[in-house]
Amino acid sequence: MKHLFLLFGLLALNAGEVVASKPFTAEDMVTMKRVASPALSPDGNSVAYILRSTDLEADKGTFDIYLTSSLDEESKPKQITTDPATDTSPKWSADGKYLYFLSSRSGSNQLWRYTVESESIEQVSDVPVSIGTFKLSPTGGQVVFSASVYPECETLECSKEKSEAASISKQEGKLYDKSFVRHWDHWLDGTQSRLFSAKLSNSPFTDAIALSHSLNGNVPSSPFGGDEEYTISPDGKTVIFTLRIADKKEPTSTNFDLYEVSIKGGKANNLTKDNLAWDTYPVFSPDGRKLAWLAMDRPGFEADRRQLHIRDLKTGKTDNVTKEWDRSFYGFQFGKDGKQVFLYGNHIGKNVIWSYDLATKQKQQLTDAGYVSAFDVGSDKIVYQYDDLKNPADLFIMDLNGANKRQLTHANQEVMSELEFGDYEQFSFKGWNDETVYGYIIKPADFDEEKEYPLAFLIHGGPQGSFGDHFHYRWNPQTYTGQGFVAVMIDFHGSTGYGQDFTDSITGDWGGKPLEDLQKGLAYVEENYEFVDTDNACALGASYGGYMINWIAGNWSDQFKCLVNHDGIFDNRMMYYSTEELWFVEWENGGTYFDKPENFEKHNPVHFVKNWKTPMLVVQGSKDYRVPETQSLATFTALQRQDIPSQMLIFENENHWVLKPNNSIQWHQVVNNWLHQWLTDK
């Protein structure tokens, strides 16, 4: 059966250009330049953004800020920061005369600014601690920023002194009397992320006013929180921020609330105390009369639908304006006239932008393909960051109605002209309960329709996530198609972008519906794509995907010639007692392990180890405190004690993700070698 593959990429070779001939590799992926954080100038004529380059010798990324015209298609981007230090978070002043940004060039992360007219750069802050994020007051003259400080300290200098004393102390023990004790990839050191405000002047400010200190809580911070967690009113008088109380309930709570405080400090007022679930992403309407935010309904559930709520600040009336719209949103912005809201989120294997008219309640999808990961709305244009399965991220611009799309940056034009990528298409089939399930198939870069190809079967994590039309920098299927494999990805029950019921369906059934979807998806591929050798296949997954690899090893052991398990769960019981965010495992299993052990044991991979026989590569980051390394050590022990061919790759300084450039290259080298060892190239 012949298939017409959809060419989703936006880049094309013009007549006369050299035809690409080099298959895409992990080295290409790691060293590609990455655009991020687009910021449209107030007059709409310029776009500031971050460009990350990779220095393999230094084993790190370098971050600089660029400007490009949104009007002149022939203009070239202009690099405005050249210091070896990290420069991030570009934001325009309200009058467009300055571009503010964070830089580590002074030895700690401080606020700096670029003057557009003179092209000069000057330091704006010189506080004793590093600034994490910031936002400028719409009226000018003030800034709000976040910083990690010791909550018992009344001054920033006190936090600096305590931090310095801790760094030189010969006593290394940390004593805890409540959870959290560690989070993501670090042990907690007693600091909390807090908000501050400061006045801007001609000389760097050295101190600030505490805004969130009246509450014993954490403003969301790295690696998952950012400046989207707080906002400043159009009149510059009020700050709204997201905070969760840091008490003994914190590891089991998703109760983030919105708090209101004067930009001059004082007592903070809880605006969303009636909602015990997640409230976040506050945004004022342009006229300051309304406050909008994203909210979940169900306490304790991190993958609940994020819905748009809007409150009239005069009457107090609050409307859930997307209640009947079965999608979950990552973020949003008001249009400049306040009549429209622009939102983005996952939608049937893509990440798209919609507009929503607040008066007519009409919505319009503005992008159709690929993955939008950031955008900024101007008076008549939207600049957005777009990528897809054949193209890394670049900046594009379009009208407010989605018309006249145009590419602004070509960050990897030279290297892209030398590379070959596999064509791809989205497909659907009847999965569990005959419900529609979607997936993607990506051909090898040098595809020959007469050949039959081995298969890399990729399983996403989350589990409430998606492998879609996205140029991923860790799990990129083109790194496998460049090696001569077909890649297939299935968005099984539990994935996002297909409605909340579909997402909810995995809870309490980790080894049920998803496994059936994967089995039926592979059967569909076998029946409909003659060039795929499904008997010559390897399954790969991380996090929940790694859990599924262990589950497959015990419950679908005859299908795959090899398996790759990255940071996957081996034993649900010990996962409960060793992970940090307990709200997740308690929601997914309907309670604690000591109250509901049967729920945890229902789909526990450890009970099926005797069925294992498929060769497995196990990968783990030692600083992964989400799925601790004992899970992978146990997996490897189970393999070795049964004489099942196996390898274990440990990264002692990586967390749940492999982020260092050279480690990423090594990860792919080892994984690809494992696939080539067990799969036959026909």
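The values are calculated or read from the model by the stated rules, or taken from the named source; none is laboratory data. All of these numbers come straight from a predicted model, not from anything done at the bench. Virtual Cβ from ideal backbone geometry, glycine too; neighbours counted across all protein chains shown. Ligands, DNA and RNA are excluded from the accessible area calculation, which covers all protein heavy atoms including side chains. Shrake-Rupley method; radii C 1.70, N 1.55, O 1.52, S 1.80 Å.
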Original post:
Within straight cross-link reach of Lys135, meaning Cα distance under 21 Å, which lysines are found once same-chain residues fewer than 8 apart are removed?
Top reply: Lys91, Lys97, Lys199, Lys237, Lys264, Lys267, Lys290, Lys336
Original post:
Considering amide H positions built from the backbone, and no H for Pro or chain starts, which residues 5 or more places from Thr238, or on another chain, come under 5 Å of its amide H?
Top reply: Ser233, Ile263
Original post:
Taking a label point 7 Å from the Cα of Ser428 along the Cα→Cβ vector, which residues of the stretch 328-351 have an amide N closer than 12 Å to it?
Top reply: 348-349
Original post:
Relative to the longest principal Cα axis of the chain, at what angle does helix 156-168 sit, 0 to 90 degrees, rounded to 10?
Top reply: 40
Original post:
What number in nm² do you get for the stretch 71-172 if you take the convex hull of its Cα atoms and divide its surface by four?
Top reply: 9.1
Original post:
Considering only the chain, what is the antiparallel percent among its DSSP beta bridges, to the nearest 5?
Top reply: 80
Original post:
In nm, to one decimal, how far is the modelled label at Glu122 from the one at Thr82, with both set 7 Å along Cα→Cβ?
Top reply: 2.1
Subject >> Rough spin-label spacing in nm, given labels placed 7 Å along Cα→Cβ, for Ser130 and Glu172 >> reply: 2.1
Subject >> Efficiency of FRET between Ser622 and Asp501 - r from beta-carbon atoms, R0 41 angstrom, step 0.05 >> reply: 0.60
Subject >> Nearest-ten-degree value, helix 661-678 long axis tilted from longest Cα axis of the chain >> reply: 20
**OP:** Mind checking the full-extension length gain between Asn216 and Leu56? Use 0.36 nm per residue of separation minus the Cα-Cα distance, one decimal, nm.
**Re:** 53.4 nm
Original post:
What does the convex hull of the alpha-carbon atoms of the stretch 502-654 project to on average, in nm²?
Top reply: 9.4
Original post:
If you plug each phi of the stretch 357-365 into the Karplus form 6.51 cos²θ - 1.76 cosθ + 1.60 with θ = phi - 60°, what whole-Hz ³J(HN,Hα) values come out, in order, with x for Gly and Pro?
Top reply: 7, 5, 7, 8, 6, 8, 10, 9, 7
Subject >> Percent of Cα-Cα distances greater than 32 Å, calculated over the chain >> reply: 53
Subject >> As computed over the stretch 232-308, the Cα convex hull volume per residue (Å³) >> reply: 87
Subject >> Pairwise centroid distance, computed over Cα atoms, of the stretch 613-658 with the stretch 230-295, Å >> reply: 40
**OP:** Working from Cα positions, state the angle (0 to 90°, nearest 10) between the long axis of helix 513-528 and the longest principal axis of the chain.
**Re:** 60
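What whole-number value in Å² describes the accessible area per residue of the stretch 110-181 for a 1.4 Å probe?
57
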Subject >> Between the stretch 552-566 and the stretch 125-176, the alpha-carbon center distance in angstrom >> reply: 47
